[in-house]
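Visitor: First the structure, which I've put down as structure tokens, then a few questions once you've had a look.
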Amino acid sequence: MDNMLPQTDEEWARVLTPAEFTVLRQAGTERPFTGELLDENRQGVYSCKACGNILFASETKFDAGCGWPSFYDPMNSDAVTTDVDYKLGYPRVEVRCKRCDSHLGHVFPDAPQTPTGQRYCMNSVALSFSPRKS
């Protein structure tokens, strides 16, 4: 994607698939255990599907058993922003791309087996994966 990001929902709808638009721009959620990146185990980086902002390194990905790709830390502290949402009637910490403000998923403090204790639970459809070159 070039440096000029879409500004309106109509512009975003032209560059994203319907599933990507629902998740990234309308804060939807893909069904658990259906995302193409859930079982991705190669070394590489995960970027925002909407703008290409690099978000997570494969070294921080872990199997949380929740049905969505999970990471214990963003690759860069400036890659994402968080905010509390109450869409389900209780507080959850939403994770958004800092560059384009697209919805990526949520972060939960329920991963004591990781170095940070955090589970960044991301939608596969919100991410692009680039394998590390050997």
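Visitor: Quote to one decimal, in nm, the extra length available between Leu5 and Arg92 on full extension: 0.36 nm per residue of separation minus the C-alpha distance between them.
Guide: Answer, rounded to one decimal: 28.6 nm.
Visitor: How long, wide and thick is the range 5-98, going by the Cα atoms along their three principal axes, in whole angstroms, largest first?
Guide: 36, 32, 28
Visitor: Additional query: Could you put Arg42, Arg31 in order of accessible surface area, largest first, with the 1.4 Å probe and the full protein assembly present?
Guide: Arg31, Arg42
Visitor: Counting only other residues whose beta carbon sits under 10 Å from that of Val125, what net charge do I get with K and R as +1, D and E as -1?
Guide: Within the 10 Å Cβ shell, the charges total -2.
Visitor: Run the reach check for Lys61 against lysines, Cα to Cα strictly under 25 Å, same-chain hits fewer than 8 apart removed. What comes back?
Guide: Lys49, Lys98, Lys133
Visitor: Quick query: amide H of Lys98 versus all other amide H atoms, modeled in the peptide plane; which residues come in under 5 Å with a sequence gap of 5 or more or a different chain?
Guide: For Lys98, the qualifying residues are Val80, Thr81.
Visitor: Could you list the square roots of 5 times each eigenvalue of the Cα gyration tensor of the range 63-111, that is, the equivalent ellipsoid semi-axes, sorted largest first and rounded to whole Å?
Guide: Details: eigenvalues 58, 51, 17 Å².
After diagonalising the Cα gyration tensor, the semi-axes are 17, 16, 9 Å.
Visitor: Please give the net charge around Val80, taking every other residue with its beta carbon less than 9 angstrom from that of Val80, where Lys and Arg add +1 and Asp and Glu add -1.
Guide: +1
Visitor: Taking the Cα centre of the chain as origin, sum charge times position over the Cβ atoms of Lys and Arg (+1) and Asp and Glu (-1), and report the length of that vector in debye to the nearest 20. The partial results should precede the final answer.
Guide: Details: 14 positive and 18 negative charges, 39 e Å.
Using only the charged Cβ atoms, the result is roughly 180 debye.
Visitor: For the chain, which cysteines have no disulfide-compatible partner, meaning no other cysteine Cβ under 4.7 Å?
Guide: Those would be Cys66, Cys121, since no other cysteine Cβ in the chain comes under 4.7 Å of theirs.
Visitor: In the range 1-53, what is the volume of the convex hull around the alpha carbon atoms, normalised per residue and reported in Å³?
Guide: 89
Visitor: Count neighbours as other Cβ atoms within 10 Å of each site's Cβ, and list the GluC sites (Glu not before Pro) in the range 1-87 that are DSSP loop with at most 16 such neighbours.
Guide: Passing both the DSSP loop test and the Cβ count: Glu36, Glu40.
Visitor: If I ignore ligands, DNA and RNA and count only protein heavy atoms, how much of Thr29 is accessible to a 1.4 Å probe, in Å² to the nearest 10?
Guide: Surface open to solvent at Thr29 totals about 90 Å².
Visitor: Skipping prolines and chain starts, which residues have an amide H placed within reach, meaning under 5 Å, of the one on Gln118, given they are 5 or more residues away or on another chain?
Guide: Amide H neighbours of Gln118: Ala111.
Visitor: Do you know the relative contact order of the chain, to the nearest whole percent, from alpha carbon pairs under 8 angstrom that are 6+ apart?
Guide: Details: 267 pairs, mean separation 36.6, N = 134.
Rounded, it is 27 percent for the chain.
Visitor: What net charge do the residues around Gly44 carry, taking every other residue with its C-beta under 12 Å from that of Gly44, with Lys and Arg at +1 and Asp and Glu at -1? Could the numbers behind the result be given before it?
Guide: Working: positive: Arg42, Lys61, Arg132, Lys133; negative: Glu40, Glu59.
Net of charged neighbours comes to +2.
Visitor: With a 1.4 Å probe and every protein chain kept in, tell me what percent of the accessible surface of the chain is carbon plus sulfur.
Guide: Whole-percent figure for carbon plus sulfur exposure: 50.
Visitor: Residue by residue through the range 101-110, which ³J(HN,Hα) values in whole Hz follow from phi under the Karplus form 6.51 cos²θ - 1.76 cosθ + 1.60 (θ = phi - 60°), with glycine and proline marked x?
Guide: 6, 7, 5, 10, x, 9, 10, 10, x, 10
Visitor: Accessible surface of Phe108 in the full protein assembly, 1.4 angstrom probe, to the nearest 10 Å²?
Guide: Only protein atoms counted, so the area is about 50 Å².
Visitor: In straight Cα distance, which aspartates and glutamates are under 17 Å from Lys87, not counting same-chain residues fewer than 8 positions off?
Guide: By straight Cα distance, Lys87 reaches Glu30.
Visitor: Compute the distance in nm between two label points, each set 7 Å from the Cα along the Cα-to-Cβ direction, one at Gln26 and one at Thr116.
Guide: 2.9
The values are calculated or read from the model by the stated rules, or taken from the named source; none is laboratory data. Predicted, not measured: the structure shown is a model, and the values here were computed from it. Positions of Cβ are backbone-derived with ideal geometry, glycine not excepted, and every protein chain shown enters the neighbour counts. All accessible areas refer to the heavy atoms of the entire protein, side chains included, with ligands and DNA or RNA removed. Shrake-Rupley method; radii C 1.70, N 1.55, O 1.52, S 1.80 Å.
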